[in-house]
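This is the structure I have questions about; it appears just below.
The values are calculated or read from the model by the stated rules, or taken from the named source; none is laboratory data. Worth saying up front: this structure is predicted, and the values here are computed from it rather than measured. Here the Cβ is made from the backbone with ideal geometry for all residues, glycine too, and neighbour counts use every protein chain on show. Side chains included, ligands, DNA and RNA excluded: accessible areas come from the protein's heavy atoms. Shrake-Rupley method; radii C 1.70, N 1.55, O 1.52, S 1.80 Å.
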Amino acid sequence: MSEMLNTGVRWTTHDVELFAENEGTRYEIVDGELFMTRAPHFKHQQTCGRIFQQLNIWSDSTGLGEAVINPGVLFSESDNVIPDVVWATKETLALTLDEAGHLTGAPDLVVEVLSASNEDLRRDKEAKLKLYSSRGVKEYWIADWRSRKLEVYRREQSQLSLVATLFSSDNLISPLLPGFRCTVDQFFPV
């Protein structure tokens, strides 16, 4: 469940650092707009884990990159997000991983798992899509565990565009991940 804290103020990373630590709450900033997200649904977390697992198995077998759950991605002072899962090539990681362990540039693949609220839908399908598109993410997956579908956005020319909506029995392949293949159903808990 997400809540937007927008009072006409443009929020920055420094503002968020002043907030008291609140267990189970995370703060994200997209274009200066602050989003507060509470701990997600159990099946949301299972979906994140399953997507990570598939990407991690493939990454271990190919050695081409690394997958991670909930990394900090600090694009700028006013664009600071925590995607559900990302994957990046070793080259991308070498260029973008800072001393504090945060990505300071675009991972190659970003995955967001939808939550139920309209605010979460707006954040993932509008604000984050625009952010990831403008920052150079090559592929963006939006997973919906409730309807068991996956939307795949790929960089075409200079922006991310929807190229496929896949359902449970559909196979997912990606030019970004040579040899990666799984059914969409493998991402979702029973």
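Going by the conditions given, is Leu176 touching an Asp or Glu at 6+ places or on another chain (Cβ under 7 Å) and under 16 Å from Val111 (Cα atoms)? Talk me through it step by step, then tell me what you get.
Numbers: touching an Asp or Glu at 6+ places or on another chain (Cβ under 7 Å): yes; under 16 Å from Val111 (Cα atoms): yes.
Judged against the criteria, Leu176 is a match.
If you go through the stretch 12-29 one residue at a time, do you hit one that is of a type in the set (Ser, Thr, Tyr), at pLDDT 85 or above and part of a helix (DSSP H, G or I)?
No, the stretch 12-29 contains no residue that is of a type in the set (Ser, Thr, Tyr), at pLDDT 85 or above and part of a helix (DSSP H, G or I).
For the stretch 104-113, which positions are of a type in the set (A, V, I, L, M, F, W, C) and open to solvent by less than 10 Å² (accessible area, probe 1.4 Å)?
Passing the criteria: Leu109, Val110, Val111, Val113.
Taking the stretch 146-163, which residues are exposed (fewer than 13 other Cβ atoms within 10 Å of the Cβ) and not in a strand (DSSP E or B)?
Within the stretch 146-163, Ser147, Gln157, Ser158 meet the criteria.
What are the residues in the stretch 164-189 that are open to solvent by 50 Å² or more (accessible area, probe 1.4 Å) and either assigned to a strand (DSSP E or B) or under 14 Å from Ser147 (Cα atoms) (or both), if any? Show your work before the answer.
Let us first name the residues in the stretch 164-189 that are open to solvent by 50 Å² or more (accessible area, probe 1.4 Å), namely 165, 167, 169-171, 173, 175, 178-179, 181, 185-186.
Within the stretch 164-189, Thr165, Phe167, Ser169, Asp170, Asn171, Ile173, Pro178, Gly179, Arg181, Asp185, Gln186 meet the criteria.
On to the next question. Within the stretch 74-91, count every residue that is modelled with pLDDT of 95 or more and surrounded by fewer than 20 Cβ atoms within 10 Å (Cβ to Cβ).
Total meeting the criteria: 3.
What number of residues within the stretch 65-112 satisfy the criterion of being free of Cβ contacts under 8 Å to residues at least 60 places away in the same chain, among the hydrophobic types (A, V, I, L, M, F, W, C) and in contact with a His (Cβ under 8 Å, 6 or more places away or on another chain)?
1
If you don't mind, there's one more thing I want to ask. I'd like the residue in the stretch 29-73 that is of a type outside the set (S, T, N, Q) and more than 27 Å from Glu126 (Cβ to Cβ) and, out of all such residues, is most open to solvent (accessible area, probe 1.4 Å). Don't jump to the end; show me each part of the working.
To start, the set of residues in the stretch 29-73 that are of a type outside the set (S, T, N, Q) comprises 29-36, 38-44, 48-52, 55, 57-58, 60, 63-69, 71-73.
This time we only want the ones that are more than 27 Å from Glu126 (Cβ to Cβ), so: 57-58, 60, 63-66.
Details: Ile57: 97, Trp58: 18, Asp60: 114, Gly63: 35, Leu64: 74, Gly65: 2, Glu66: 88 Å².
Only one residue fits best here, namely Asp60.
Same structure again: Can Ser147 be described as touching an Asp or Glu at 6+ places or on another chain (Cβ under 9 Å) and of a type in the set (Gly, Ala, Ser)? Give the derivation first.
On the way: touching an Asp or Glu at 6+ places or on another chain (Cβ under 9 Å): no; of a type in the set (Gly, Ala, Ser): yes.
Spelling it out, it is not the case that Ser147 is touching an Asp or Glu at 6+ places or on another chain (Cβ under 9 Å) and of a type in the set (Gly, Ala, Ser).
Is it true that Glu119 is open to solvent by less than 60 Å² (accessible area, probe 1.4 Å), in contact with a strand residue (DSSP E or B) (Cβ under 6 Å, 6 or more places away or on another chain) and within 24 Å of Trp58 (Cα to Cα)?
Answer is no for this residue.
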